[in-house]
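Asks: One structure is given below, represented as structure tokens, and several questions about it will come after.
The values are calculated or read from the model by the stated rules, or taken from the named source; none is laboratory data. Since the structure is predicted, the reported quantities are computational estimates derived from the model, not experimental observations. Here the Cβ positions follow ideal geometry from the backbone for every residue, glycine too, while neighbour counts run over all protein chains shown. Just the protein is used for accessible areas: all its heavy atoms, side chains included, with ligands, DNA and RNA removed. Shrake-Rupley method; radii C 1.70, N 1.55, O 1.52, S 1.80 Å.
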Amino acid sequence: MESSNLCKIRNLYRAIAEMEMQLERTFGLNINEAMLLCLLNERKELLSGEIADELRLSRSNTSKVIVAMEKGGFVRRHSDKEDSRRQCFRLTREGEKMLAGIHCCDVCIPEIIKNAIKEQ
């Protein structure tokens, strides 16, 4: 790997860390919690394993994120209709409101992140 690429990755990492700190200060959410809101908004309902796979988190970390979001009233769980041992998760109205607030807020997205998003 070229050192210039490593420096670009470092700068991107720093920008993401700064954005996450701003997200936490403004909304009290970390990046994984905010990404869970976005994911459930897009997919409507998911199993915990599906959430872990989509967010690329361990099952343990996924459980912590889900529990935090349930305590905040942003996510609700219920038993799967086909297999009651499986738990499904979906956004609550409060979760939808929080996500709408994030979209309307002045969370500053640094240029380096904007440029990375454009490339996707």
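Asks: Once the Cβ-Cβ distance between residue 13 and residue 44 is put in as r, and R0 is 30 Å, what FRET efficiency do you end up with, to the nearest 0.05?
Replies: On the way: r = 31 Å, r/R0 = 1.05.
My answer for the efficiency is 0.45.
Asks: Across the Cα atoms of segment 1-48, what radius of gyration and what greatest pairwise Cα-Cα distance (Dmax) are found, in Å?
Replies: Spelled out, the Cα radius of gyration and Dmax of segment 1-48 are 14.7, 42 Å.
Asks: So what is the 222 nm mean residue ellipticity for the chain from helices alone, if each DSSP H run of at least 4 adds -39500 (n - 2.57) and you divide by all residues, rounding to the nearest 500 deg cm²/dmol?
Replies: -21500 deg cm²/dmol
Asks: So how strong a dipole does the chain carry about its Cα centre when Lys and Arg Cβ are +1 and Asp and Glu Cβ are -1, to the nearest 20 debye?
Replies: Dipole magnitude for the chain comes out near 240 debye.
Asks: Ok, one more. Within a Cβ distance under 13 Å of residue 40, other residues only, what is the Lys/Arg minus Asp/Glu net charge? Walk me through the intermediate numbers first.
Replies: Working: positive: 43, 44, 76, 77, 90, 93; negative: 33, 42, 45, 50, 54, 70, 94, 96.
Residues close to residue 40 contribute a combined charge of -2.
Asks: Return one number: the angle in degrees, 0 to 90 and rounded to the nearest 10, between the long axis of the Cα atoms of helix 59-71 and the longest principal axis of the Cα atoms of the chain.
Replies: 70 degrees
Asks: Over the chain, give the accessible area per residue in Å² for a 1.4 Å probe, as an integer.
Replies: Details: 8290 Å² over 120 residues.
That works out to 69 Å² for each residue.
Asks: For the pair residue 25 and residue 59, how long in nm is the line joining their label points, each one 7 Å along Cα→Cβ?
Replies: Output for this residue pair reads 3.8 nm.
Asks: Connecting C-alpha atoms closer than 10 Å in a GNM of the chain, tell me which of 54, 20, 82 has the biggest fluctuation.
Replies: 82
Asks: Which semi-axis lengths, in whole Å and largest first, follow from the square roots of five times the eigenvalues of the Cα gyration tensor of the chain?
Replies: On the way: eigenvalues 172, 62, 28 Å².
The equivalent ellipsoid of the chain has semi-axes of 29, 18, 12 Å.
Asks: Sticking with this one: Determine which residues of segment 48-67 fall in the zone a paramagnetic label at residue 85 would reach in this model, i.e. backbone nitrogen under 16 Å from the point 7 Å along Cα→Cβ.
Replies: The answer is 48-49, whose backbone nitrogens lie closer than 16 Å to the label point.
Asks: Under 8 Å for C-alpha pairs, at least 6 residues apart: give me the relative contact order for the chain, rounded to a whole percent.
Replies: It comes to 28 percent, rounded to a whole number.
Asks: Something else: How large is the Kirkwood hydrodynamic radius of segment 9-76, counting all unique pairs of alpha carbons, in Å?
Replies: Kirkwood radius, segment 9-76: 12.6 Å.
Asks: If you don't mind, there's one more thing I want to ask. Using θ = phi - 60° and the Karplus curve 6.51 cos²θ - 1.76 cosθ + 1.60, what whole-Hz ³J(HN,Hα) does each residue of segment 20-27 get, with Gly and Pro shown as x?
Replies: 5, 4, 5, 4, 5, 5, 7, 10
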